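Enquirer: This is the structure I want to talk about, given as structure tokens.
The values are calculated or read from the model by the stated rules, or taken from the named source; none is laboratory data. This is a predicted model, so every value here is computed, not measured. So basically every Cβ, Gly included, is an ideal-geometry build from the backbone, and we count neighbours across all protein chains shown.
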Amino acid sequence: MDLDIRGRTAFVSGSTQGIGYAVAAALAAEGARVVLNGRERTGVDAAVARLRAALPGAEVSGIPADFADPAQVDALLEQLPEVDVLVNNVGLFGLADFGSVDDDEWQRYLDVNLMSGVRLSRALLDPMVERGWGRIVFVSSESGVNVPVDMVHYGVTKAAVIALGNGLAKRTRGTGVTVNTVLGGPTWSDGVAATIETIAAAQDAPVEAVQAAVIGQNRTTLLERFIRPDEIADLVAYLASPRASATNGAAVRADGGVLTGLL
């Protein structure tokens, strides 16, 4: 299916690896001009080179910015071209006991996971409405619905992202702009892989065994495996296209069935 986004300009936050990179690759493969983002210039340049090598002829560029720093976000916005598709993907996650997460860490999670989308959408949504077309897609998580006890800080920010997407969609009434949210499930991203490797090293166990044990503890996943980043990216790319014109204000699941018993 041709998603009809050739020539559109897309910005994907947090896109040097994992789900964000997969989203950028999916959009570039459909002919969109894609702007990548990461915290460091070296990482951004490496991701741009990697995507150009994978998709010769693709129009790919990158802008570094750390979304924990509002000043860097302002500088990024000054460098962005006119954006047709905004994918709010950047995010932090990590296991932590609720009592061990101090105010500074809460603020860091809020700045990156929630306020990144607030700041980018505040700058880019109204121009989309004025031009009569645009797409904003938030990458949230099933953890925003079923908040994990060992990641309360993460789950709370992802719940806020779902609410943000719902509220912003109401600002697009009667326009060609849509705002939607993707609820991902357990995904084998670079961050998850690093966490599993750390656990495996601490337990002196094979990575594959820990990976199987972790996903095995999730009794509600129907896939019974980790989701691949490209499986999330395919849904994001669809929602970013004119093909999804009748979908607005939705929280669309790509969770592998994790939330089946809850909704």
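Enquirer: Residues of the range 159-175 being on the phi < 0 side of the Ramachandran plot and without any contact (Cβ under 8 Å) to a residue 60 or more places away in the chain, which ones?
Expert: Ala159, Ala160, Ala163, Leu164, Gly167, Leu168, Arg171, Arg173, Thr175 - these are the residues of the range 159-175 that are on the phi < 0 side of the Ramachandran plot and without any contact (Cβ under 8 Å) to a residue 60 or more places away in the chain.
So that you can scan it fast, the table gives a plain yes or no per residue for (1) within 18 Å of Gly249 (Cβ to Cβ); (2) in contact (Cβ under 8 Å) with a residue 40 or more places away in the chain; (3) in contact with a helix residue (DSSP H, G or I) (Cβ under 6 Å, 6 or more places away or on another chain):
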| residue | (1), (2), (3) |
| --- | --- |
| Leu95 | no, yes, yes |
| Phe98 | no, yes, yes |
| Gln107 | no, no, no |
| Val118 | yes, yes, no |
| Leu125 | yes, yes, no |
| Trp133 | yes, yes, no |
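Enquirer: Just wondering, is there one or more residues in the range 1-18 that are within 16 Å of the chain's Cα centre (by Cα) and in a helix (DSSP H, G or I)?
Expert: yes
Enquirer: Residue check, Glu224 against (1) outside any helix (DSSP H, G or I); (2) among the acidic types (Asp, Glu); (3) within 16 Å of the chain's Cα centre (by Cα), all met but one. Which one?
Expert: (3)
Enquirer: Look through Ser141, Ser121 and report the one residue that is over 29 Å from Glu197 (Cα atoms), surrounded by 20 or more Cβ atoms within 10 Å (Cβ to Cβ) and hydroxyl-bearing (Ser, Thr, Tyr).
Expert: Matching residue, one of Ser141, Ser121: Ser121.
Enquirer: So, one more: Which residue pairs have Cβ atoms closer than 7 Å, lie 6 or more positions apart in sequence or on different chains, and pair a first residue in the range 226-253 that is within 20 Å of Ser143 (Cβ to Cβ) with a second residue that is among the charged types (D, E, K, R)?
Expert: Leu239/Arg135
Enquirer: For the list (1) over 30 Å from Ala32 (Cβ atoms); (2) assigned by TED's automatic domain parsing to the domain that holds Val35; (3) surrounded by fewer than 17 Cβ atoms within 10 Å (Cβ to Cβ); (4) not charged (D, E, K, R), I need the number of the one condition that Met151 fails.
Expert: That leaves (3) as the condition not met.
Enquirer: Quick check on the range 21-63: of everything there that is touching a Leu at 6+ places or on another chain (Cβ under 8 Å) and part of a strand (DSSP E or B), which residue is nearest to Leu3 (Cα to Cα)?
Expert: Going through the qualifying residues, I end up with Val34.
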